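Reviewing the structure listed below.
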Amino acid sequence: MGRTLAEKVWEQHVVRRAEGEPDLLFIDLHLIHEVTSPQAFDGLRMAGRPVRRPDLTIATEDHNVPTIRGPISDPVSRAQVETLRKNTAEFGIRLHPMGDAGQGVVHIIGPQFGLTQPGMTIVCGDSHTSTHGAFGGIAFGIGTSEVEHVLATQTLPAYRPKTMAIEVKGALPYGVTAKDLILAIIAQIGTGGGQGYIVEYRGEAIRALSMEGRMTVCNMSIEAGARAGLIAPDETTFNYLKGRPHAPEDAAWDQAVEYWKTLRTDDDAVFDKVVEIDAATLSPFVTWGTNPGQGAPLSSVVPAPEQFGDPIERSSAERALEYMGLTAGTRLTDVEVDTVFVGSCTNGRLEDLRAAAEILQGRQVRTRTLIVPGSMMVKLQAEAEGLHEVFRAAGAEWREAGCSMCLGMNPDILAPGERSASTSNRNFEGRQGKGGRTHLVSPQVAAATAVTGKLTAPADLV
Amino acid sequence: MDAFVTHTGTAVPLRRSNVDTDQIIPAVWLKQVSRTGFEKGLFAAWREDPSFVLNDPAYSGASILVSGPDFGTGSSREHAVWALQQYGFRAVIAARFGDIFRNNSTKMGLLPVILSPEAVETLQKAIEADPATEITVDLSERQVRAVGEAWSFEIDDYTRWRLLEGLDDIGLTLRHADAITAYESERQPWLPKTA
Ligand code: SF4
């Protein structure tokens with residue numbers, strides 16, 4: 001019987017297999033940032049262990065960094081960033097600090113450098129590591145104990161998850177994006193729907209996505225409960241990689257591409273579960289609640305909790321509406337927002353900024369609008385194209401690279417009760433600042449919303 | 001890591017689903033570089049509400065958390081596990097857990113116990129009716145016992161053994177250093193290096 005892509009990549013990385021034990025998996029790339037690593041380095045020091053493969057490890061500063069130029073004013077944040085600098089220096093790990101041209105959100109810089117390649121195993125102490133699966137590898141988030149384990153051994157003991165196929169048939173209608181697609185998928189299968197699975201996104205609509213769009217989709221796999229999501233590599237993948245600083249060159253490139261082409265699910269392979277989605281039925285999507293599964297088409301209304309048959313979902317919807325300050329039956333396009341955030345590892349890439357700029361071109365924003373490039377390189381490219389001038393002319397703020405308003409660890413936060421339209425990935429209570437209310441949207445919807453001050457689809461802009 | 005064999009204690013009912021790790025420990029608490037002091041940040045936002053169950057003196061001293069489904073979804077922050085442990089919890093019982101949280105827990109010796117929604121409901125009712133109700137979480141027998149009933153739970157043999165013995169994963173893996181070296185010598189030549 002044939003094998004799925006995930007099974008092929010997994011098997012390729014088994015260092016040791018023994019009856020009744022998890023597989024010992026080799027890790028090709030370990031990404032590090034300041035938040036989940038300090039205690040891991042402490043652990044190494046206490047045990048007197050070195051980092052086994054500093055040459056397969058790379059670090060950046062992202063979660064705590066301010067996006068307005070200047071030093072970190074919060075002493076606790078600063079201490080954490082300084083700890084990373086000290087640790088990476090001591091253990092010989094490459095670091096891209098604030099201000100460096102290679103700095104950025106950890107999941108943006110890996111692909112940008114060409115370090116993320118098909119068929120690899122990639123981990124990071126961050127749940128959105130699933131982003132890197134867009135290149136056809138297995139990439140997943142780990143906790144600090146596992147960060148220490150990978151630093152010490154370059155391996156992880158793990159049981160292979162089951163496999164799920166999400167088949168997206170047909171083509172996305174004009175104006176419907178990768179973000180809308182993944183939000184719709186999560187709303188359909190639920191925040192626990194992918195649990196215990198590696199999800200392979202397949203089908204015509206997935207093939208048609210750019211690498212950026214594929215990363216947006218894979219990024220949010222974790223929000224459906226899946227540890228990892230992946231997409232088979234193809235010409236789109238190879239074209240994206242070619243010529244990047246760490247991509248193979250010359251003969252090695254040809255050899256690599258030959259191997260990468262074998263990285264696809266065999267026709268006779270069987271998935272443990274298959275979910276089908278009809279792309280043609282989708283439209284711009286937005287969340288109304290406090291988990292990413294609580295979403296609906298932007299053209300619909302805030303649902304009534306009684307609509308949910310399951311008592312747990314019902315009470316969760318009740319709580320969510322209360323927290324969000326929303327009334328059932330309100331049209332989503334009537335919901336007024338205070339702040340718009342375009343950025344994060346979900347939608348902080350050049351393509352996302354271009355999409356937002358296209359809508360903001362020649363228009364004025366009515367809300368506080370933060371445009372935050374996912375990395376310094378994205379920032380420089382955007383500026384080379386003049387996007388920053390479009391944003392500024394529209395009245396939006398053009399910021400330095402970092403996680404920014406994706407989570408409340410840096411100065412970019414919502415005030416209690418404030419409402420945002422955000423291109424990030426989590427609408428959890430307080431995620432963007434205590435008491436803040438988050439609606440997850442695509443960059444296009446975010447930009448249109450900034451113009452009107454209410455949740456708005458670009459097609460509805462006059 | 002702390003070994004876990006069997007534990008008996010009182011329990012707190014947390015009647016919420018999708019308790020994500022941002023709720024368990026909000027992001028501002030993640031700026032610490034040490035491994036201690038996280039108990040103060042446990043459910044920090046919810047604890048500001050005087051009616052939140054952890055603020056009910058009847059449940060002080062409880063060491064088991066009985067939660068709605070999908071406990072520990074979201075971020076990979078192990079700080080969530082540290083916060084629960086440092087607050088005094090030894091086990092969390094729920095019908096379903098976020099994968100990374102569950103994994104992190106077993107690395108630290110906080111036992112995540114998966115029971116059926118019905119069993120969770122029975123336990124929650126019992127501890128709501130009488131907060132002094134004791135629950136026994138018995139890893140060696142893979143069983144939860146309370147109010148005269150017993151429920152079996154599943155956990156793979158390897159993880160169970162590691163928890164029972166309190167074994168450090170890294171030490172176990174380093175016993176296979178030769179296998180890692182052998183694997184490294186066969187990796188594809190084009191694979192990227194950061195340095
Ligand atoms: S952008 Fe948001 S989700 Fe991505 S790594 Fe930063 S904090 Fe995490």
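Quick look at the values:
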{"item": "Residue pairs meeting the criteria (Cβ under 9 Å; at least 6 apart or on separate chains; first more than 7 Å from chain A (Cβ to nearest Cβ), in segment B:67-85; second open to solvent by 10 Å² or more (accessible area, probe 1.4 Å) and aromatic (F, W, Y))", "result": "B:H79/B:W29; B:A83/B:W29"}
{"item": "For B:R96: the one exception among (1) within 16 Å of the ligand (Cβ to nearest atom); (2) open to solvent by 10 Å² or more (accessible area, probe 1.4 Å)", "result": "(1)"}
{"item": "Any hit, segment A:379-388, residues being within 16 Å of the ligand (Cβ to nearest atom) and under 25 Å from A:F428 (Cβ atoms)", "result": "no"}
{"item": "Of all residues in segment A:31-58 being in a strand (DSSP E or B) and more than 9 Å from chain B (Cβ to nearest Cβ), the one that is nearest to the ligand (Cβ to nearest atom)", "result": "A:L31"}
{"item": "Contacts under 7 angstrom Cβ, first residue in segment B:164-190 being within 10 Å of chain A (Cβ to nearest Cβ), partner among the acidic types (D, E), 6 or more apart", "result": "B:I170/A:E148"}
{"item": "Given (1) within 16 Å of the ligand (Cβ to nearest atom); (2) of a type outside the set (A, V, I, L, M, F, W, C); (3) within 14 Å of chain B (Cβ to nearest Cβ), index of the condition A:S316 fails", "result": "(1)"}
{"item": "The listed residue being under 30 Å from A:L151 (Cα atoms) and under 17 Å from the mean Cα position of the chain (by Cα), out of B:T173, B:T159", "result": "B:T159"}
{"item": "Near pairs, Cβ below 8 angstrom, 6+ apart or cross-chain, from segment A:70-99 (within 12 Å of chain B (Cβ to nearest Cβ) and farther than 19 Å from A:Q39 by Cα) to any residue that is open to solvent by less than 80 Å² (accessible area, probe 1.4 Å) and in a helix (DSSP H, G or I)", "result": "A:I72/A:V81; A:D74/B:K31; A:H96/A:I109"}
{"item": "Cβ pairs under 9 Å, 6+ apart, first in segment A:9-37 and closer than 16 Å to B:A179 by Cα, second β-branched (V, I, T) and in a loop (DSSP other than H, G, I, E, B)", "result": "A:H13/A:I27"}
{"item": "Condition check for A:T60: in contact with a Leu (Cβ under 9 Å, 6 or more places away or on another chain) and more than 18 Å from A:A152 (Cα to Cα)", "result": "yes"}
{"item": "Members of segment A:202-220 that are away from chain B (no Cβ under 14 Å) and within 13 Å of the ligand (Cβ to nearest atom)", "result": "A:M215, A:T216, A:C218"}
{"item": "Subset of segment A:128-153 [within 16 Å of the ligand (Cβ to nearest atom) and either modelled with pLDDT under 95 or over 20 Å from A:T36 (Cα atoms) (or both)]", "result": "A:G133, A:A134"}
{"item": "Scope segment A:129-151; condition open to solvent by 10 Å² or more (accessible area, probe 1.4 Å) and not in a strand (DSSP E or B); matching residues", "result": "A:S145, A:E148"}
{"item": "Segments classed as helices (runs of 4 or more DSSP H), wholly inside segment A:231-327, with at least 3 members that are surrounded by 20 or more Cβ atoms within 10 Å (Cβ to Cβ)", "result": "A:235-241, A:311-324"}
{"item": "Subset of segment A:403-435 [more than 12 Å from the ligand (Cβ to nearest atom), among the charged types (D, E, K, R) and more than 10 Å from chain B (Cβ to nearest Cβ)]", "result": "A:E418, A:R419"}
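The values are calculated or read from the model by the stated rules, or taken from the named source; none is laboratory data. Every value quoted in this text rests on a predicted model; they were computed, and no experiment measured them. Heads up, the Cβs are rebuilt from the backbone with ideal geometry, glycines too, and the neighbour counts pull from every protein chain shown. To get the accessible areas, we keep the full protein, side chains included, count just its heavy atoms, and leave off ligands, DNA and RNA. Shrake-Rupley method; radii C 1.70, N 1.55, O 1.52, S 1.80 Å.
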